[in-house]
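In what follows, a structure is listed as structure tokens, so that the remarks can point back to it.
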Amino acid sequence: MQKYTHTYTVRGCDMDPEYRLRKDILISYMFDCSSRECQEVGMATFDLQQERRTWVLTDLRIDYLTDKMPYWRGEVKIETWSRPVKGLRWFRDFEAYHNGVLIARATTCWSIIDEDTRRPVYLELPSVKFVQLPELVFPDYKPAKLQPIERTDFSSKFKVRAFDIDFNMHLTSMRYIEEALEAVPLEQTTGKSLERIEIKYMRECYLHDEITVSVEKQAEGFAHQLYSLDKESEVSRMVTVWN
């Protein structure tokens, strides 16, 4: 069975100051590719919401295999497939190619939750329609609860705006990553290349929630922790590796 694929063209709004694709934007290409397959098999969020259910992302890891991402108007082909579904969690893997060269690989873990209880429900997916393969991009990787930071070297704060809300009416998963990266001063990463992002989504955030981002500098990068002042609890932990 072939992997599900879609090709994206780097737009002006996807570029960094060097006219190259921003590495965090590549994640959004992967999410979109996943959504396209879900829509084609009748498992998109708007399909699930008819039964008061929806998708949520719980874990993500992406490794970047190059420090030179495609330029503006370059093409990126995303390949994706899922593993056989078990219980409450659904794993989907990705590979990204530019001019036939593998530039990144990623794995994600998803759940379907009840919109009223916000609790996971057992997955009943049309496995004959989804591309399911035993291949793993990270054979030894298992989602784990990332360790809390021990000190705060850098910090920032933001408030969830209407612009940040997705179809689940909560803070979109990309904004967690963007705000966590934004909390690191530019001089700390100038001349370095982002090699890995690993994030654990712990709680949902909603419109007008105030979130603090605390960052601890580590030997190979940074540990990022997002905390909701409204909920008085952590909402996400993330680790980034730079070289």
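Read-outs: derived from the displayed coordinates by stated rules, not from any lab. Please read these numbers as outputs of a predicted model, since none were measured by experiment. Neighbour counts are summed over all protein chains in view; Cβ atoms, including those assigned to glycine, are modelled from backbone coordinates with ideal geometry.
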Nearest-0.05 FRET efficiency for K217 and Y71, computed from C-beta distance (R0 25 Å): 0.20
Cα-only Debye scattering, the chain: base-10 log of I(q)/I(0) at q = 0.08, 0.17 Å⁻¹: -0.30, -1.46
Rounded to the nearest 20 debye, dipole of the chain from Cβ charges on Lys, Arg, Asp, Glu: 360
Length released on extending from C13 to D47, taking residue separation times 0.36 nm less the Cα-Cα span: 9.3 nm
Gained length - N243 relative to M169, 0.36 nm times residue gap less alpha-carbon distance: 23.0 nm
Choice from A183, A144, A96 showing the highest fluctuation, given a GNM over the chain with Cα pairs closer than 10 Å: A144
Leading residue at positive end of dipole, the chain (Cβ point charges), from V41, T108, Y176: V41
Counted charge near P70, where neighbours are those whose Cβ lies closer than 13 Å (Asp, Glu -1; Lys, Arg +1): +2
Extension gain from Q132 to R161, taking 0.36 nm per residue of separation minus the Cα-Cα distance: 6.8 nm
Restricting segment 120-174 to trypsin sites (Lys or Arg not before Pro) in coil, as DSSP defines it, with at most 14 other Cβ within 10 Å: K129, K145, R151, R161
Neighbour cut-off at most 12 other Cβ (10 Å), DSSP loop, GluC sites (Glu not before Pro), segment 115-203: E124, E135, E150
Estimated [θ] at 222 nm from DSSP helical runs (n ≥ 4, -39500 (n - 2.57)) normalised by residues in the chain, nearest 500: -4000 deg cm²/dmol
Over segment 95-153, relative contact order from alpha-carbon pairs under 8 Å, at least 6 apart, %: 23
